[in-house]
Amino acid sequence: MNGSFDPGDFRLAPEPMAPFPEIDRREITGVFLRVGLVLSLMMLLHIGLSLVLSVLLRTFFPAFAARPEAVWVADSIPFDLLVLPLCIFLLSLLPQRVPAKQSLGKGGYFAALAVSCTLLVAGSMIGTTVSSVIESLTHTPPSSASDYLGQGNFFIALLCVGILAPVMEELFFRRALMNALGRFGEGPAILVSALVFGLGHGNFTQFFFAFGLGLAFGYIYAKSGRVWLTILPHAVINSVSTVLSFFVLPRMEPIYDWLENLENLPDPEMMLSEISQIIWPVLGLLAYEGILYGGALVGLILFCVYFRRIRLERAEYVILPPEGYGTFAHPLSGGDLVGPAFRNVGTWLFLIVCAGYFVLSILPA
């Protein structure tokens with residue numbers, strides 16, 4: 001070098017970019033086949049164990065079998081303590097993509113919870129409307145597990161509905177199921193988890209709000225990697241519903257009767273006397289409704305404002321074309337998953353079992 005600087009003397013060869021792993025439709029179909037079979041096993045075991053345990057209770061403990069809490073013992077406990085742990089293990093045998101643990105920030109977390117209130121309220125309205133239409137056609141109100149809330153022993157219901165169900169359902173529907181599908185992208189994992197969560201409730205009344213909550217909770221888990229962030233609000237929702245069903249709603253029946261028969265209202269003194277005896281339940285219900293609908297309004301505003309900022313990670317795969325259709329591979333997208341997701345016996349078996357569940361929910365008891 002003669003005192004001048006020649007940048008050509010210092011050329012660095014660029015490092016080659018690591019290629020995305022390749023995947024073909026057969027492998028994707030195989031994953032959805034196994035997931036569908038696990039989901040079908042979950043539903044069938046749930047039905048089978050509930051029937052077997054109900055028969056055993058009626059045979060050996062007829063007095064207890066006649067009590068309302070027998071429903072939770074026969075239905076919830078074997079499902080949460082036997083069926084879901086088995087299915088969590090089976091899903092763990094599939095290739096996993098675990099979301100990285102990261103902070104949503106207090107603002108981000110509470111914004112997601114507000115949106116979950118929006119989806120809960122909207123889903124409840126849709127479910128109520130659909131159930132009303134079904135009832136008008138069949139002259140029978142659709143049944144759901146929530147019909148048994150408020151009956152029997154409060155502590156057994158709180159244990160099953162407020163504690164066991166949120167913990168085990170989030171571990172299965174959010175962590176296990178989303179981890180098994182996460183390598184296909186955050187969007188498909190969230191959507192499938194939410195759909196399965198809704199269908200798993202087995203009735204039209206709960207499907208829509210469960211699907212909405214599944215979307216919000218799935219987003220929280222995908223972006224935080226912490227399932228306890230979804231267990232906590234799930235437990236709060238279920239526990240509050242249990243408390244209301246046992247201690248508030250039954251005492252509100254006189255007011256509901258008055259609203260349905262405005263022409264036959266009792267005298268004002270009697271009404272005031274009745275209302276004064278249930279003032280605290282009324283205030284508690286109003287506070288709950290205020291928080292829920294206020295959160296739903298805030299969630300709707302936040303969703304509209306920040307919708308364009310939502311970013312879901314795509315799959316880090318390129319999908320190979322079917323044999324005989326050229327050699328061009330392209331990045332895997334959600335559209336590439338539709339065919340493999342439905343062209344397998346596992347998915348259809350799960351859908352058939354769920355359809356049977358929904359039909360049973362609208363048939364006369």
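The values are calculated or read from the model by the stated rules, or taken from the named source; none is laboratory data. Given the structure is predicted, the values throughout are model-derived calculations rather than measurements. Virtual Cβ from ideal backbone geometry, glycine too; neighbours counted across all protein chains shown. Side chains included, ligands, DNA and RNA excluded: accessible areas come from the protein's heavy atoms. Shrake-Rupley method; radii C 1.70, N 1.55, O 1.52, S 1.80 Å.
Annotations
- As for the range 321-342, it holds at least one residue that is part of a helix (DSSP H, G or I) and modelled with pLDDT under 90.
For (1) within 24 Å of Val83 (Cα to Cα); (2) open to solvent by less than 30 Å² (accessible area, probe 1.4 Å); (3) in contact with a Lys or Arg (Cβ under 7 Å, 6 or more places away or on another chain), each residue gets a yes or a no:
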| site | (1), (2), (3) |
| --- | --- |
| Ala114 | no, yes, no |
| Val130 | no, no, no |
| Phe155 | yes, no, no |
| Ala180 | yes, yes, no |
| Arg183 | no, yes, yes |
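- Contact map, the range 187-211: residues that are under 25 Å from Ala315 (Cα atoms) and among the hydroxyl-bearing types (Ser, Thr, Tyr) paired with residues that are at pLDDT 95 or above and surrounded by fewer than 23 Cβ atoms within 10 Å (Cβ to Cβ), Cβ distance under 9 Å, separation 6+ or inter-chain. Pairs shown: Ser193/Leu215.
- With respect to (1) at pLDDT below 90; (2) loosely packed, with under 13 Cβ neighbours inside 10 Å; (3) within 30 Å of Thr29 (Cβ to Cβ), the lone exception for Leu363 is condition (3).
- Matching residues, the range 269-283, being open to solvent by 90 Å² or more (accessible area, probe 1.4 Å) and modelled with pLDDT of 70 or more: Trp280
- Of all residues in the range 202-261 being among the aromatic types (Phe, Trp, Tyr), modelled with pLDDT of 95 or more and farther than 26 Å from Ile134 by Cα, the one that is most open to solvent (accessible area, probe 1.4 Å): Trp228
- When residues of the range 185-201 are limited to those that are at negative phi and not aliphatic (A, V, I, L, M), the one most open to solvent (accessible area, probe 1.4 Å): His201
- Among the numbered conditions (1) open to solvent by 30 Å² or more (accessible area, probe 1.4 Å); (2) of a type outside the set (S, T, N, Q); (3) assigned to a helix (DSSP H, G or I), the only one that Gly295 does not meet is (1).
- Residue in the range 103-110 that is aromatic (Phe, Trp, Tyr) and at pLDDT 95 or above present: no
- If you check Ser224, Ser239, Ser193 for being in contact with a Pro (Cβ under 8 Å, 6 or more places away or on another chain) and not basic (Lys, Arg), only one passes: Ser224.
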